[in-house]
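Asks: Just passing along the structure, written as structure tokens.
The values are calculated or read from the model by the stated rules, or taken from the named source; none is laboratory data. These numbers were taken from a predicted model, which means no experiment stands behind them. Virtual Cβ from ideal backbone geometry, glycine too; neighbours counted across all protein chains shown. Areas reflect the complete protein model, heavy atoms only, side chains present, ligands, DNA and RNA absent. Shrake-Rupley method; radii C 1.70, N 1.55, O 1.52, S 1.80 Å.
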Amino acid sequence: MSHPPDRLVGMGYWTLGEVLGFDFETTGIDRFDDVPVSFALVTVVAGDLVSTSSSLVDPGREIPAGATEVHGISTERAQAEGMPLDEAIEIVAEAVISASSRGVPLVGMKLDFDLTILDAQCRRLSGWGLVERGWDGPVLDAVVLDRHLDRYRKGSRTLGSLCAHYGVEIENAHDAVADAVASAGVLYAQAALFNELNEGEPAALHELEIGWHREWAEGYDEWRLEQGMTPMDRRDFVWPVAPKVLAAS
């Protein structure tokens with residue numbers, strides 16, 4: 001991890017324990033219909049990278065050229081080197097649910113995208129989503145936290161931008177392992193700067209993030225409408241796992 005060792009002094013307990021970093025690279029940006037072409041699970045303990053688990057995934061479909069341009073994974077490579085999609089989904093789901101059962105925070109960047117894909121694919125496989133399979137967080141999401149903790153800072157909040165802002169190195173962006181490790185690094189850097197995160201209990205932070213994300217989405221949606229743009233998909237207001245069909249209000 002790329003954070004100064006002295007910044008760990010005085011940090012809250014979650015930064016001294018275990019976290020699980022998680023990232024998918026995918027066939028596209030539709031959380032309900034697109035699927036992974038690679039995954040990474042990284043275990044970090046007290047800021048030190050302990051282990052990584054990753055694989056290419058054969059999505060069972062063509063990978064669009066636009067997606068390949070982002071992450072560099074072609075259909076041919078995924079078919080030749082990737083594990084079957086269903087096997088990958090089970091591996092990731094088991095790891096995420098196991099972490100939840102032990103109270104280990106799941107950390108990453110814009111995890112509502114990755115977790116909604118995982119949930120949708122679990123439902124396709126078994127009819128059960130993550131919650132029905134026993135998952136209940138907690139999640140610490142670098143971008144949700146950044147929008148709240150430093151809300152008036154101007155500029156982009158992509159992973160690359162957050163890494164630059166917080167002084168975290170990222171190698172080979174859009175590689176699942178690199179993105180998962182860098183996202184965890186951003187979380188540790190944020191914790192070193194913001195007591196609200198540093199001293200927070202992960203389950204309590206998770207509940208707060210639900211509201212912080214909704215608050216951001218409402219404000220962003222209002223801005224879009226003022227600019228004459230189309231409104232946001234109402235499912236985008238839901239964090240960290242969006243339903244394919246919203247319940248009637």
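Asks: Match the structure shown to one of the listed values (1) -0.44, -0.62, -0.93; (2) -0.43, -0.64, -1.05; (3) -0.38, -0.57, -0.95 of log10 I(q)/I(0) by the Debye sum over Cα atoms at q = 0.09, 0.11, 0.14 Å⁻¹, computed from it, and give that label.
Replies: (3)
Asks: So the label point goes 7 Å from the Cα of Leu49 along Cα→C-beta, right? Which residues of region 131-160 then have their backbone N under 16 Å from it?
Replies: Residues passing the 16 Å test: 160.
Asks: Also: Can you send over the solvent-accessible area of Tyr220, 1.4 Å probe, protein chains only, in Å² to the nearest 10?
Replies: 80 Å²
Asks: Kindly report, to the nearest 10 Å², the accessible surface of Thr26 as traced by a 1.4 Å probe over protein heavy atoms only.
Replies: 10 Å²
Asks: Under a crude label model (7 Å from the Cα following the beta-carbon direction), how far is Asp33 from Phe194 in nanometres?
Replies: Taking the simple label geometry, Asp33 and Phe194 are separated by 3.5 nm.
Asks: If you don't mind, another one. 5 Å is the cut-off here: which amide hydrogens, built 1.01 Å from N in the peptide plane, fall below it relative to Lys244, excluding neighbours closer than 5 in sequence?
Replies: none
Asks: Next question, about the same structure. Contact order normalised by length for the chain, with contacts defined as Cα pairs under 8 Å and 6 or more residues apart; what percent is it?
Replies: Rounded, it is 22 percent for the chain.
Asks: Okay, next question. Return the single residue from Ala182, Ala217, Ala204 with maximal mean-square fluctuation; model: Gaussian network over the chain, springs between Cα atoms under 10 Å.
Replies: Sorting by GNM fluctuation, first place goes to Ala204.
Asks: Could I ask something else about it? Counting only protein heavy atoms, what percent of the accessible surface of region 171-214 is carbon or sulfur at a 1.4 Å probe?
Replies: Carbon and sulfur together cover 52 percent of it.
Asks: Among Met109, Met83, Met232, which one shows the highest mean-square fluctuation when the chain is modelled as a Gaussian network with alpha-carbon springs under 10 Å?
Replies: Met232
Asks: If you don't mind, there's one more thing I want to ask. Using the Cα atoms of region 16-70 to build a convex hull, what is its mean projected area in square nanometres?
Replies: 4.6 nm²
Asks: Right, another one. Once neighbouring chains are kept in place and the probe is 1.4 Å, which whole percent of the accessible area of region 1-144 is contributed by carbon and sulfur?
Replies: So the carbon and sulfur contribution to the accessible surface is 53 percent.
Asks: Residue by residue, what Karplus-based ³J(HN,Hα) values in Hz, rounded to whole numbers, does region 193-205 have, using 6.51, -1.76 and 1.60 with θ = phi - 60° and x for Gly and Pro?
Replies: Per residue, the Karplus-derived 3J(HN,Hα) values read 9, 10, 4, 4, 7, 3, 9, x, 8, x, 5, 5, 4 Hz.
Asks: Further question: Collect residues whose amide H, placed 1.01 Å from N in the peptide plane, falls under 5 Å from the amide H of Met83; neighbours closer than 5 in sequence don't count.
Replies: Here Leu56, Val57, Asp58 satisfy the definition.
Asks: Still on this structure: At 1.4 Å probe size, with every protein chain present, just tell me what the per residue accessible area of region 1-159 comes to in Å².
Replies: For region 1-159, the per-residue accessible area is 44 Å².
Asks: Given a 1.4 Å probe, how much area per residue of region 186-236 is accessible, in Å²?
Replies: Each residue of region 186-236 exposes 55 Å² on average to a 1.4 Å probe.
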